[in-house]
């Protein structure tokens, strides 16, 4: 039996026991995570989702957090006073081992949802928050639901984050204080390089501000 799952904007065909490298997940080595965005299940009776298969899941164990091969980016401007620039980048990745493929019951397994460290898909976020909402009191549960309906937190409440930066963060799938509060040093380095923040995250202490704002 095999499954086709979606994570980090990519699709992977996996079977039980496969080793896989995916976009970095917010989890430590040894932890068990579950992918809930399953596009297809293969076997004696293949099933195709629309777009995802309800109740299906792929469970995996985190082996290590690694870096991909270095990619060299070279730019040269052919002008009278031209310039050239060389930059290197190594993508943050998570190495994991597929342990089990569930055709159904994934929504009741209780295993932590596989969530990206930088951007989080709406489906994965909903699956991760479902157990917490069920356990919370009705009044406390209403607050996250209202945030989700509004499309996330108001990131402009962070000092130094204006409308332009909010738009850039939304473009990377970053819509909540909790996501920013969970950034590691490697995440900060990657996001600053990608969005040309030039040290603003650390200088303006976005993570500490987001941590306080996430508490409500």
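Structure notes:
- Convex hull per residue volume in Å³, alpha carbons only, for segment 1-118: 127
- Evaluated over segment 156-216, the Cα radius of gyration and Dmax, each in Å: 10.4, 30
FYI, it's all coordinate maths here, none of it is from the lab. For clarity, every value in this text was computed on a predicted model and none was experimentally measured.
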